[in-house]
Structure formats: C-alpha cells, structure tokens
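Colleague: One structure, as structure tokens, below. Some questions next.
The values are calculated or read from the model by the stated rules, or taken from the named source; none is laboratory data. These numbers come from a predicted model, not from an experiment. Cβ placement follows ideal geometry from the backbone for every residue including glycine, while neighbour counts extend to all protein chains displayed.
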Amino acid sequence: MRKTLWMILFIVFLGAALATSNAAQQQPQDNRYRVAILPFDDGSIKHWWGNDWDVGKGVADELLTELFKMNSFRLVEREQIERIIQEQNFGQKGRVDPKTAAKVGKILGVQYLIMGKVTEFTTDSESSSFNVKGYNLGLQTNTARVAIDARLIDTKTAEIKAAVTGVGEKKQNSLSVGVKYNSMRFGSDEFKKTNLGMALRDAVASVAQQITEQAYRGSKIPGVAPATEGQDADVYGDKVYITIGSNQGVKPGMTFEVQRVVRVVKDPSTGAVIDHITEPIAIITVAEVKERSATCTITTQLSTKLKIAAKDRVVLKKND
C-alpha cells in the first residue's frame, strides 16, 4: 500500500514537472533590447519656468512613457537608474560621458543606454492689434518650440550607435493672455494641453521613433506589428492623413492602396459581415509618421471617377 502511494505521488510530481517544462518551452522568447534612459541635460537657454521644473528629468520620463507605448524595448524604471547613479557616486559630468554611462548600463544589465540634451525649450508671444468697426482688438501669437538631442550608447563598447534630433513646434493665435506655466506641474494634464506640452510630445515621439529604427537597423521591431490596414482620416490638397502610425509599424516610404467600400457582403443567416467589395482609388506613399497617424502623398491615381474621402480604406501594398 505504501509503495503504491509513493508511486502515485512520484507520477503526479513527474507530470507536474513535465507540464511546467513544456509551458516554459512554449513561452515566446522576448527579443527586445533592454534599455535604460538617463536624465537628460537641460541645455535650453531660456530658464523662465522656475525652480520646480527639472526639464531634463521630465523629458527622460516622457521618452520612457513613449517607448513603453511603442513596446519595442524592455525598459528600466527611473527609480532603479537613480539608485545606481547615487550608489556609484556619479556626478553630472559622469552621467553625460559615454564611457561612464556605459559602466552604469552594465551595472543595470542593459544592452543600450539613451542619454542626451534638451537644446531648446521655449515659448514666445508676439502681440498685434487691428481695428474692427471702430474697435481695437489685440491678437497674440504664442509659439512653443522644443528640440531634443539623443544618443544611443552601446554598453559593451561605449560607442554611440545612433545620434538623433527630435523637434516639436506649436503655434496658436489667441485673443487671450499668455499661459502661466509657472503655476503648472511639469507633465501634468494641464501642461500637456498647452502649446509647450504638445511641442514636447511631438519632439519626444520623433526621438522615440528614430531611436527605435536605429537600434534595430531596419530589422523587424519586436512588439510592433507591421500595419496592414487602416482608415483614411482627412484629405487636404494632395496630402492624405491616415489613422495608423508608428505604433502600428508604419514607416516613411511605405505604400498603401486607398479603396472605397462599395458593398458589404453579409451572411444571410447570421447577418455577420463576411467580406467587402472595394474599388481602388489611388496609391499613396508615407511621407511623415507620428504615433497614431501618418501623412501621405498621392503617387498614382487609379480611378478617374472616385476621389479619396474620409473613411476610405487604406491597405498596405504586398511589395512592402
């Protein structure tokens, strides 16, 4: 009886071990690079925002968030990076030196380190006045501009694998007074709605896209599925704006076919959509990519009757 009990326990244990082993083998391998982002240097000239804003650290946080959304890297938390820097007693100069930074990267166990400088972080206002039916009205033009230089450092060799620049600019005309940035918290929802917040987002998105492309050098980016289909969002002149972007793997130079859905085929029994009948309208080529959209140009007009309109389908050409 005792032997039978031990035999049953052994079989149960062996089965559990084999199941765990098989599950581990079936787990997909994560081929994304492990990356850490150091606080950026603040090299912008106009320090009007007050003592509460650490722009360099804030930009690094924004870049971390953007890369996390892209899902193309395994990222190290900021707190872990700061703890290593403090433990190793690195000063500001040590953090921006590639060789010293590479040492930090090795301690963190990352393949690449991202570091850089905020070269411009400004907002300017220009006022003008005009007369409307005897009333003098004032118009204020607010322009925000952010520029970021970033480098991708190989922690094994301390070599700079990529050096990129991201720029964002937002301009707005208003009859109201300027925004009081010194009353806001950097990175808050209130800040993100301002011209400066939107310019920062565009600059960071550009850096994130370029860094990702340079890190993988044209190979398939893990975690970013190539775009195959989307919807046309807007048309202005010869520019076509589509609702898929870098988050879906869209890159400059990709070509899409714009199609008009002329009939929806449904299952007569269930009413479920089983197919779409389409007519080709044009071939478009991606010129500029943002996080969730892309700007394209019309390269070939396929239809003499149909013109591109909102809600038309865009489908990736097979040769891409």
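Colleague: Out of the range 175-218, which residues are part of a loop (DSSP other than H, G, I, E, B) and modelled with pLDDT of 80 or more?
Modeller: Our first condition is that a residue be part of a loop (DSSP other than H, G, I, E, B); within the range 175-218, this holds for 175-180, 184-188, 193-194, 217-218.
Within the range 175-218, LYS193, THR194 meet the criteria.
Colleague: Hey, can you tell me all the residues within the range 259-295 that are over 21 Å from GLY168 (Cβ atoms), touching a Ser or Thr at 6+ places or on another chain (Cβ under 9 Å) and of a type outside the set (Asp, Glu)?
Modeller: Of everything in the range 259-295, those that are over 21 Å from GLY168 (Cβ atoms), touching a Ser or Thr at 6+ places or on another chain (Cβ under 9 Å) and of a type outside the set (Asp, Glu) turn out to be GLN259, ARG260, VAL261, VAL262, ARG263, PRO280, ILE281, ALA282, ILE283, ILE284, THR285.
Colleague: Quick one: in the range 240-298, of everything that is touching a helix residue (DSSP H, G or I) at 6+ places or on another chain (Cβ under 7 Å) and of a type outside the set (D, E, K, R), which residue is farthest from GLY166 (Cα to Cα)?
Modeller: Per the criteria, the residue is ASN247.
Colleague: Tell me the strands (runs of 3 or more DSSP E) entirely within the range 250-320 that contain at least 3 residues that are in contact (Cβ under 8 Å) with a residue 60 or more places away in the chain.
Modeller: In the range 250-320, 255-266, 313-316 are the strands (runs of 3 or more DSSP E) which contain 3 or more residues that are in contact (Cβ under 8 Å) with a residue 60 or more places away in the chain.
Colleague: In the range 151-162, what residues are surrounded by 13 or more Cβ atoms within 10 Å (Cβ to Cβ) and assigned to a strand (DSSP E or B)?
Modeller: ARG151, LEU152, ILE153, ASP154, LYS161, ALA162
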